[in-house]
Amino acid sequence: MTNGALREMAASGDDRATGLAMRRGALGRCPACGQGRLFSNFLKVADHCPVCNEALHHQRADDGPAYLTILIVSHLGAPILLAAYMAWRPSAMTMILSFGAGAIILSLALLPVIKGGMVGLQWARRMHGFGSEPDRAAR
């Protein structure tokens, strides 16, 4: 999108608040209205919002949420793993089981939050077809 198009969009009052859209998405809600469910299953984004009928099938989160989840979980887990080992010297099996389970649980908790935030970012920035009005179904 060119700077002129961005200025026209801001001047027309059609600017989408990125932070608000990302928060709504992170909470699993439609980035447009904040009320409809974003996901139809655990990580499957709904084709349309059931409340405002906003088309959500354009999203292209792909592997981005998984990469960010791995980055966050590993950066949280590594220092905790080191501190636990230095403080208590648990057995290798205890470390593998406890930190393996913790990493899996934290990853499953963070993945929908990060994916929702990424879909909200794409919607707010009009990426991957989210900016085209003809795709939006009539209310």
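A short reminder: the numbers here are calculations on the coordinates, not readings from a lab. All values derive from a computational prediction rather than experimental measurement. When we count neighbours, we look across all protein chains shown, and the Cβ atoms used for this are built from the backbone with ideal geometry, even at glycine.
Per-residue 3J(HN,Hα) values for region 78-89, derived from phi via the Karplus relation 6.51 cos²θ - 1.76 cosθ + 1.60 with θ = phi - 60°, read 4, x, 5, 4, 5, 5, 5, 5, 5, 7, 10, 6 Hz in sequence order (x marks Gly and Pro). Our coupling estimate for region 52-64, obtained by passing each phi through the Karplus curve with A = 6.51, B = -1.76, C = 1.60 and θ = phi - 60°, is 9, 6, 5, 6, 10, 6, 6, 4, 10, 5, 6, 8, x Hz, Gly and Pro reported as x.
The phi torsions of region 67-72, fed into the Karplus equation with coefficients 6.51, -1.76 and 1.60 and a -60° offset, translate into couplings of 5, 5, 5, 4, 4, 5 Hz, rounded to whole numbers, with Gly and Pro shown as x. The H on the amide N of residue 56, modeled in the peptide plane, is under 5 Å from the matching H of 48, 49, each at least 5 residues off or on a different chain. Taking amide H positions as modeled 1.01 Å from N, with prolines and chain starts lacking one, the residues under 5 Å from residue 39 and 5 or more places away or on another chain are 46. Quick one: net charge of residue 37's neighbours, Cβ under 14 Å, K/R +1, D/E -1? That works out to +2.
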